[in-house]
Amino acid sequence: MAIISHKHKFIFLKTRKTASGSMEVALGKVCGPEDWLCPTGDGKDMGLGEQNNKKKITQLNGRDLGNFCASIFKNIKKGKPEFNQSWQKMFRIIKSSHYNAENLRIVCGSEIWNSYYKFCFERNPFDRLVSFYHWRTKKFENPPSFKEFALSIVQGSRKEQARLKASNFSNRPFYEINGEIVVDRVCRFENLQDEIADFFSMKGIKWDGNLLHTKGGFRPKRNYREYYDAELKKKCEKAFKFEMERFGYEF
């Protein structure tokens, strides 16, 4: 998912297990009719239906794909070089539920990408891995242990990751291109409320302070540290070296 707001000139890239569904709701409410909201299915869980506000659900999930496709076709017609992609690649980009930075730059075009404020969220990788585990294995009849799942991410093969639904854990592709951070800000999940408030204040947008939780209830209320033994902690510290050094995260 991604949101591109022409009304407020910002781009939001949805990272995994960082309350991005909640951000989709908060940001979607202030978007204009020409803004682009790529669908994710989170609208079913937004809680807006409980407020008898079906119109907002339609707005958040109905106009989005059409705006994306219309923009792509307009830019192809204009002959912009970043849109000189195969139709197969463009189709994969369009139907993706998580737009990484490289693909979103293609969809936007360089003018929008370079001039709009770009941001996303990151989260302590040790904590995020626990959340990722419970989310990906919630429908397993016989789920793997957390350690088996975690080891498949930090040292397993792609085949093993696919078997356990443990692939695509890293959030770095959403804010990096060729190893370089390309967004204006990588916000912290741990400071979610303050980060959102600061963003709205910076943009001069009124916000009611409400943040819906779209995907809660699937994870037991246990501290993430309880999931790790000494061996797994050591392996994950090595695997998460970038996040720990770049954002100051600790176990």
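Structure summary
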| quantity | calculated |
| --- | --- |
| Which listed residue, of Asn84, Asn100, is within 30 Å of Lys234 (Cβ to Cβ) and either modelled with pLDDT under 90 or surrounded by 16 or more Cβ atoms within 10 Å (Cβ to Cβ) (or both) | Asn100 |
| Residues (on the phi < 0 side of the Ramachandran plot, in contact (Cβ under 8 Å) with a residue 60 or more places away in the chain and of a type outside the set (A, V, I, L, M)) located in segment 158-178 | Phe169, Asn171, Arg172, Pro173, Phe174, Tyr175, Glu176 |
| Condition check for Asn168: under 20 Å from the mean Cα position of the chain (by Cα), closer than 27 Å to Arg222 by Cβ and surrounded by fewer than 16 Cβ atoms within 10 Å (Cβ to Cβ) | yes |
| Given (1) under 17 Å from Thr18 (Cα atoms); (2) surrounded by fewer than 18 Cβ atoms within 10 Å (Cβ to Cβ), index of the condition Phe174 fails | (2) |
| Yes/no for Phe200 being touching a Lys or Arg at 6+ places or on another chain (Cβ under 7 Å), within 23 Å of Phe247 (Cα to Cα) and either exposed (fewer than 13 other Cβ atoms within 10 Å of the Cβ) or not assigned by TED's automatic domain parsing to the domain that holds Phe140 (or both) | no |
| Matching residues in segment 110-134 - criterion: being in a helix (DSSP H, G or I) and over 21 Å from Lys238 (Cβ atoms) | Ser110, Glu111, Ile112, Trp113, Asn114, Ser115, His134 |
| Condition broken by Asp194, with the remaining ones in (1) modelled with pLDDT under 95; (2) over 19 Å from Lys17 (Cα atoms); (3) not assigned by TED's automatic domain parsing to the domain that holds Tyr227 satisfied | (2) |
| Number of the exception - Gly209 against (1) modelled with pLDDT under 95; (2) buried (at least 16 other Cβ atoms within 10 Å of the Cβ) | (2) |
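Each row is one residue, and each column tells you yes or no for (1) touching a Phe, Trp or Tyr at 6+ places or on another chain (Cβ under 8 Å); (2) basic (Lys, Arg); (3) within 21 Å of Ser131 (Cα to Cα).
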residue	(1), (2), (3)
Ile153	yes, no, yes
Lys159	no, yes, no
Gln193	no, no, yes
Phe200	yes, no, no
Asp208	no, no, no
Pro220	no, no, yes
Tyr228	yes, no, yes
Glu243	yes, no, yes
Phe247	no, no, yes
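The values are calculated or read from the model by the stated rules, or taken from the named source; none is laboratory data. Here the structure is a predicted model, which means the values were calculated and not measured. Neighbour counts are summed over all protein chains in view; Cβ atoms, including those assigned to glycine, are modelled from backbone coordinates with ideal geometry.
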